[in-house]
Every structure is written in structure tokens, then in C-alpha cells.
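Taking it in order: structure first as C-alpha cells, then the write-up.
The values are calculated or read from the model by the stated rules, or taken from the named source; none is laboratory data. Every value quoted in this text rests on a predicted model; they were computed, and no experiment measured them. Neighbour counts are summed over all protein chains in view; Cβ atoms, including those assigned to glycine, are modelled from backbone coordinates with ideal geometry. These accessible areas exclude ligands, DNA and RNA; they are computed on the full protein's heavy atoms, side chains included. Shrake-Rupley method; radii C 1.70, N 1.55, O 1.52, S 1.80 Å.
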Amino acid sequence: MDGPERQGRRLSRSFGGLVLLGSLLVVAGLVGLVYTGVATLTSMLLFGWLLLIGGLVGLAHAVQSRGSSFFWLGVVVAALNIAAGVVVIRHPHGTAEALTMFAALLFLTGGVFRLVGSVVVRGPQFGWTLLQGAFGLLLGLLVLFDWPHSSLYVLGCFFSLALLFDGLGLIAAGVGGRRIVSMVSGPDPLTKGGRKQSEN
């Protein structure tokens, strides 16, 4: 069996990998925020390929279970995913415009519901809910008034922000995990103090 020190080294390397992956995501998010048009196109192509691959996998699964009662439902869902994936890959700009319009309508309806709900209910979070509703309404109006030009940067901005925050979360988890491992297993063997102790 591995000793505690070796297990600690393995855990430390695993958390170091999380930090590295998080750093890559942060860099990708920052680059995407600078080049939002490229990020929008990239997110649409990724979305299209995910739909296409998911549809092919679903179709293969439906064929394998063709004796069941869910065969035709699986075939229909897989065919819709494949068709949607092909359309998104062939027309990423048009898909971005449609999704941007959908996002703007979501912001508008969500903002209106939060505003009305906060005024009617007047709960303990009245001010915060009112602020959220006003922000969602304003964001929806800004995106809608600038449509279709807003489709060039809105989705790319959201995609880049998601990468950025996911990367920061992974970095925080990796750094925190390494600290916990070093506290439990003693000095980190990758540090200078750990090397000196192993030499002695």
C-alpha cells in the first residue's frame, strides 16, 4: 500500500492539474472577452457539434434498443438533434441571432416578473429582488434594441464569462486542495523544505 506521503504527492499533483486547467480556462475567457465575435462563432460551432454528436449517439442507442417501446421516440429525438446540429454548423451567424433574440426575451420576461413579484410580495429581499429585476429588464432592452448587431458579441461574452468563472473556481479548488493536503500530510515534497528533509 502507498504511504501517506506518496498519497499526498498524488493528491497534490491532481490539485495542481486543476490549477493548470483553471488557468487555461481563465486565459481562454479573457481572450474571448477581447475577441467576442470569435468567441460567439466558436460557441455556436461547439454547440452545433455537440448536438450532432449527441444525435448520432442517440440514434445508435435507439437502433440498439429497437425492440423496446421507446424506439421511435429515440429515433425522432436523435433526428431532431442531428438536424439542429447540421443547421447550427452550416449557419452559425443566423443561429447566434436567433439565440440572442431568445436570450433578450428571457431577460425581459425574467426582469418583469422579478419587478412585479418584488412590488407585490415585498419580502425581506425586496431591494435585492427589485434590483435584479431592473437589471434583467435593462439588459434585455439593451440587447433587443441593438439586435441583430448584438448577436455578434452577447453570446461570446456570456461564453467567455462562463469560462472565466469556471477557471477561477477550478483555481480556487486546486489551491485550497493543495493547502489541505500539505496541512494533513506535512511539508509538500515538491517544496525546498520537503527536499531537504528527504535528503536528511
Using Cα centres only, tell me the gap between segment 55-76 and segment 98-121 in whole Å. 37
Counting C-alpha atoms alone, how compact is segment 24-66: give Rg to one decimal and Dmax as a whole number, in angstrom. 15.7, 48
Quickly work out the PHE145-to-VAL57 label distance, labels modelled 7 Å from Cα along the C-beta direction, and quote it in nm with one decimal. 4.3
Note on segment 60-156: C-alpha Rg/Rh, Kirkwood Rh, two decimals, gives 1.23
Have a look at SER43, SER68, SER160 and tell me which one the Gaussian network model of the chain (Cα, springs below 10 Å) gives the largest fluctuation. SER68
Mean residue ellipticity at 222 nm from the helices of the chain, using -39,500 (n - 2.57) per DSSP H segment of n ≥ 4 over the full residue count, to the nearest 500 deg cm²/dmol? -30000 deg cm²/dmol
Specify the angular offset, from 0 to 90 degrees and rounded to the nearest 10, of the alpha carbon long axis of helix 4-34 from the longest principal axis of the alpha carbons in the chain. 40
What does the charge count near ILE171 come to, summing +1 for each Lys or Arg and -1 for each Asp or Glu among other residues with Cβ under 13 Å from its Cβ? +1
Give the dimensionless ratio obtained when the Cα radius of gyration of segment 15-118 is divided by 2.2 N^0.38 Å. 1.47
Along segment 163-178, what does the Karplus equation 6.51 cos²θ - 1.76 cosθ + 1.60 (θ = phi - 60°) give for ³J(HN,Hα), rounded to whole Hz, x for Gly and Pro? 4, 4, 6, 5, x, 5, x, 5, 5, 4, 5, x, 5, x, x, 5
Rounded, prolate or oblate for segment 47-90? Axes are the square roots of the Cα gyration tensor eigenvalues, ordered a ≥ b ≥ c, and the cut-off for rounded is a/c under 1.5. prolate
Counting C-alpha atoms alone, how compact is segment 106-173: give Rg to one decimal and Dmax as a whole number, in angstrom. 15.3, 42
Just the accessible area per residue of the chain, please: how many Å² with a 1.4 Å probe? 66
Expressed in angstrom, Rg and Dmax over the Cα atoms of the chain are 24.3, 72
Quick one: putting +1 on the C-beta of Lys and Arg, -1 on the C-beta of Asp and Glu, what dipole do you get for the chain around its Cα centre, in Debye to the nearest 20? 580
From phi via Karplus (6.51, -1.76, 1.60), per-residue ³J(HN,Hα) for segment 61-77 in Hz, x at Gly/Pro: 5, 5, 5, 5, 9, 5, x, 8, 7, 9, 4, 5, 5, x, 5, 5, 5
Against the longest alpha carbon principal axis of the chain, how many degrees, from 0 to 90 and to the nearest 10, is the axis of helix 92-121 turned? 90
Note: probe point = Cα of ARG122 + 7 Å toward Cβ; backbone nitrogen < 17 Å; residues of segment 137-173 passing the test are none
